[in-house]
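Notes for the one structure printed next.
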Amino acid sequence: MGLKEQIENFIPFNEQERVDKEMMLEYMNTFENVLTRENKMCHFTASSWIVNKERTKVLMIYHNIYQSWAWTGGHSDGDDNLLHVALKEAQEESGLKNLKVLSDGIYSLEIVTVDCHIKRGKFVPSHLHLDCSYLLEADENEPLKIKEDENSGVKWIDIDKAIEVTNEPKMVPIYQKLNDKLFQQKKIDIN
C-alpha cells in the first residue's frame, strides 16, 4: 500500500489528526515533491515513539538543532516507505539494533512547524514537516550510542516525564497524544 493510501486509510485519534490528515492529503495532491526537501514549504518525515516492554519508559534523544529532548526521526528523502525511514533513523540516532514495530501501520499523524535554522553550514527556511510516526518497542538494556552530528544524548525517560523534558512547547501536545494513545491501547489490551 502506498503512502497516500496509508494516510487515506488512517483513522484519526483526535481533531488534530483529522485536520492534519486532511492537510497532508491536500499537500500530496498539490505538490509532486513532498517526499523530498526540494519542497521548501512542506515535506514528509517519519518519527518513532520508542517504548520499553513494560510501557513505562520512552527513549529520547537530545536534539542538537532544537536543543531539546525529542523523539527519533528524520526526512523521507524520497523514500515513501516511512516505516523504513523511522526504523533507520531510530537505529542511527540511538544505536539500537533490535526494534519491534508495535503499530499496525502509521501510529500517529502530525504537521510540525520547523523554524529557520542553520544545518551543516546552510540556511534552512521555516517549513512544515508532514510527519508520520510509528510506535516501536526496544529493550532498555540494549546499549545506546549518540549520533554526534545530530544529538548529544540518548536515554530512557519515565514515560510520564517525556513532556517535562522537552524544551519545545509545540511538541508537548504531540507527546501527550502519543502517550494517551498508548495508554488507551494498554487499557484495551488489559480488558
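When segment 54-95 is examined, which residues are found to be assigned to a loop (DSSP other than H, G, I, E, B), over 13 Å from the mean Cα position of the chain (by Cα) and closer than 23 Å to residue 183 by Cβ?
We begin by selecting, within segment 54-95, every residue assigned to a loop (DSSP other than H, G, I, E, B); these are 54-56, 64-67, 71, 76-81, 95.
Next, from what is left, pick out any that are over 13 Å from the mean Cα position of the chain (by Cα): 54-56, 64-67, 77-81, 95.
54, 55, 56 - these are the residues of segment 54-95 that are assigned to a loop (DSSP other than H, G, I, E, B), over 13 Å from the mean Cα position of the chain (by Cα) and closer than 23 Å to residue 183 by Cβ.
Go through segment 42-76 residue by residue and tally those that are over 12 Å from residue 171 (Cβ atoms) and not aliphatic (A, V, I, L, M).
Taking segment 42-76 as the starting set, the residues that turn out to be over 12 Å from residue 171 (Cβ atoms) are 42-46, 48, 50-59, 61-62, 64-65, 67, 72, 74-76.
Keeping just the survivors that are not aliphatic (A, V, I, L, M) gives 42-45, 48, 52-57, 62, 64, 67, 72, 74-76.
The total comes to 18.
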Show the residue pairs that are 6+ apart or on different chains and have beta-carbon atoms under 6 Å apart, the first residue being within segment 1-27 and free of Cβ contacts under 8 Å to residues at least 24 places away in the same chain, the second being loosely packed, with under 13 Cβ neighbours inside 10 Å and in a helix (DSSP H, G or I).
none
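For residues in segment 8-53 being among the β-branched types (Val, Ile, Thr) and in a loop (DSSP other than H, G, I, E, B), which is surrounded by the fewest Cβ atoms within 10 Å (Cβ to Cβ)? Before you say what the answer is, go through the steps one by one.
Restricting attention to segment 8-53, the residues satisfying the condition of being among the β-branched types (Val, Ile, Thr) are 11, 19, 30, 34, 36, 45, 50-51.
Then drop every residue that is not in a loop (DSSP other than H, G, I, E, B), which leaves 11, 34, 36.
Details: 11: 9, 34: 22, 36: 15.
Among those that are among the β-branched types (Val, Ile, Thr) and in a loop (DSSP other than H, G, I, E, B), it is 11.
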So how many residues does segment 67-85 have that are surrounded by fewer than 16 Cβ atoms within 10 Å (Cβ to Cβ), out of contact with any helix residue (DSSP H, G or I) (no Cβ under 6 Å at 6 or more places or on another chain) and either free of Cβ contacts under 8 Å to residues at least 12 places away in the same chain or not small (Gly, Ala, Ser) (or both)?
4
Could you say which residue among 180, 158 is loosely packed, with under 12 Cβ neighbours inside 10 Å and at pLDDT 95 or above?
158
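The values are calculated or read from the model by the stated rules, or taken from the named source; none is laboratory data. Remember, it's a predicted structure, so these values are computed and weren't measured experimentally. Cβ atoms come from the backbone with ideal geometry, glycine included; neighbour counts cover every protein chain shown.
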